[in-house]
1. Among the residues of segment 65-106, count how many are small (Gly, Ala, Ser) and either over 17 Å from residue 31 (Cβ atoms) or touching a residue at least 40 places away in the same chain (Cβ under 8 Å) (or both).
2. I'm checking my understanding of the structure. Among residues of segment 68-106 that are in contact with a Leu (Cβ under 8 Å, 6 or more places away or on another chain) and assigned to a loop (DSSP other than H, G, I, E, B), which one is nearest to residue 44 (Cα to Cα)?
3. So which residues in segment 74-106 are within 14 Å of the ligand (Cβ to nearest atom), surrounded by 16 or more Cβ atoms within 10 Å (Cβ to Cβ) and not acidic (Asp, Glu), if there are any at all?
Amino acid sequence: MYDDRDGSAANQVDQYMEPRFWDMPPWMEYGLCAAGTAPDTWFPENGNRGTTDPAVRAAKAICAVCPVALQCLEHALLRGESGIWGGTTERERRVIIRNQGGTAPC
Ligand code: SF4
């Protein structure tokens, strides 16, 4: 059973690691997707088909007016996120990375 009151080395490591892994970047609370849209919006079934997929187009339309779209795109490029981020699909982000001479993080 997990007990965070015993001060053991394992618990000290857990207390150090967990917040770093789970903390959201501050800009995320300003994203329009944080305002109650369904999670499926950002992970459409055919999410890499780009603008031909109505679900992707719907997500991109929201991203297009999001005040933190640039931070979101940068985050996704650095972290190799899946789904729609910063108005781009995974495939589009791979093209951005390739065009900049880099390799995708994952
Ligand atoms: S750009 Fe799109 S995915 Fe990113 S925070 Fe804004 S609404 Fe969400």
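1. 5
2. Here the answer is 87.
3. Those that are within 14 Å of the ligand (Cβ to nearest atom), surrounded by 16 or more Cβ atoms within 10 Å (Cβ to Cβ) and not acidic (Asp, Glu): 75, 76, 77, 83, 84, 85, 86, 87, 88, 89, 93.
Taken together, the values in this text are just the output of simple stated rules run on the coordinates, not laboratory data. For clarity, every value in this text was computed on a predicted model and none was experimentally measured. Please note: Cβ atoms are built from the backbone with ideal geometry, for glycine as well, and neighbour counts cover all protein chains shown.
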